[in-house]
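Engineer: Sharing a structure with you now.
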Amino acid sequence: MSKTTCARRPAETCHCRFARLAPRHHDLLLNVEADVATTVELLELATTWEELDYSDEAVIPPCDWMDFAAAHNWRDPELAARLFSLAIDVASRRAEPALVGRGRR
Ligand SMILES: [Zn+2]
């Protein structure tokens, strides 16, 4: 458990669909602009999205991140939008060969 993640904004005040689908991930992502550790977690999730199987976990998928950003109030809405669009960009790039020397199939 990370000590840097504090319950700044309790989930019970939020009634969006993400809070019902993935309450823990929802609360985590709400801190994405305030907590650098959470920002890193988001980017790690984006990086590994195509490699790992998250279907058993209640996580909000990359295709919903812009909706998630739009559904919430942020201290800096522009920064939050940039963060999520960057993460979506990272997640969608996994299909391309990122490493030199891997070769084509
Ligand atoms: Zn919400």
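The values are calculated or read from the model by the stated rules, or taken from the named source; none is laboratory data. On a predicted model such as this, the values are computed, not experimentally measured, just so you know. Reconstructed Cβ throughout: ideal geometry from the backbone, glycine too, with neighbour counts over all protein chains shown.
Engineer: Within the range 14-57, work out how many residues are under 17 Å from Phe84 (Cβ atoms), outside any helix (DSSP H, G or I) and among the small types (Gly, Ala, Ser).
Structural biologist: Of the residues in the range 14-57, 2 are under 17 Å from Phe84 (Cβ atoms), outside any helix (DSSP H, G or I) and among the small types (Gly, Ala, Ser).
Engineer: Still on this structure, please answer the following. Residues of the range 1-54 being hydroxyl-bearing (Ser, Thr, Tyr), more than 13 Å from the ligand (Cβ to nearest atom) and at pLDDT below 90, which ones? Talk me through it step by step, then tell me what you get.
Structural biologist: The initial filter retains those residues of the range 1-54 that are hydroxyl-bearing (Ser, Thr, Tyr), namely 2, 4-5, 13, 38-39, 47-48, 54.
Applying the additional criterion that residues be more than 13 Å from the ligand (Cβ to nearest atom) yields 2, 4-5, 38-39, 47-48, 54.
Correct list: Ser2, Thr4, Thr5, Tyr54.
Engineer: Would you please list the contacts, defined by Cβ atoms under 7 Å and residues six or more apart or on different chains, that run from a residue in the range 40-67 that is polar (S, T, N, Q) to a residue that is outside any loop (DSSP other than H, G, I, E, B)?
Structural biologist: Final answer for the pair search is Thr47/Val90.
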